[in-house]
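Okay, so here's the structure we're looking at.
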Amino acid sequence: MGRESDQRNLSRARRAARKLLAQALYQLQIAGAPWQDLYHQYLEDPDAGGADPDFFREVLMQVAQGRDALDETLAKYSDIEPARLDPIEHGILWIALYELQHRPDVPFRVAISEAVDLAKRFGATDGYKFVNGVLDRAAGELRPHERGA
């Protein structure tokens, strides 16, 4: 039971980190603050309790530094060019695409589900449908071995 409990705690901590990431990446796009400032700002926030700080730092840094490459990938799967996307959905897509490309420890279904949940919570009314469609197409190419299983 200890291993199951540890896995649930990790899932909760990563979910909390993704919520912070969605907010931080929105701010990155709107205000252009350096990722390091956002990292400290969000982890010092009392609402950050329970977030996985290492996961938050890794994804924030990698997404902030790799936005252009992520947008190139995103453009392959979206019928809306990345520059025209709503900043909330844009940031959520960056998180999930990063996970699909660079975090094989995160199952593709988890990456998509978490992104859809964030889009439902923070995005436009039907933004989650768009996020789901884009990520479903991306997962088909980025994780074909998992999709076929």
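The values are calculated or read from the model by the stated rules, or taken from the named source; none is laboratory data. Computed from a predicted structure; not experimentally measured. Because the Cβ atoms are built from the backbone with ideal geometry, glycine has one as well, and the counts that use them run over all protein chains shown.
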*asked:* Of the conditions (1) in contact with a Phe, Trp or Tyr (Cβ under 6 Å, 6 or more places away or on another chain); (2) of a type outside the set (Phe, Trp, Tyr); (3) surrounded by 16 or more Cβ atoms within 10 Å (Cβ to Cβ), Arg137 satisfies every one except a single condition; which number is it?
replied: (3)
*Those helices (runs of 4 or more DSSP H) lying entirely in region 65-149 with at least 2 residues among the acidic types (Asp, Glu) and within 15 Å of the chain's Cα centre (by Cα)*: 87-102, 108-122
_If the requirement is being in contact with a Lys or Arg (Cβ under 7 Å, 6 or more places away or on another chain) and either modelled with pLDDT of 95 or more or farther than 20 Å from Gln7 by Cβ (or both), which of these qualifies: Leu85, Leu93, Leu118?_
Leu118
*Among residues belonging to region 106-131 that are under 17 Å from Leu74 (Cα atoms) and of a type outside the set (A, V, I, L, M, F, W, C), point out the one that is surrounded by the fewest Cβ atoms within 10 Å (Cβ to Cβ).*
Lys129
*Could you tell me which residue of region 1-49 is surrounded by the most Cβ atoms within 10 Å (Cβ to Cβ), considering only residues that are among the charged types (D, E, K, R) and within 21 Å of Lys120 (Cβ to Cβ)?*
Arg18
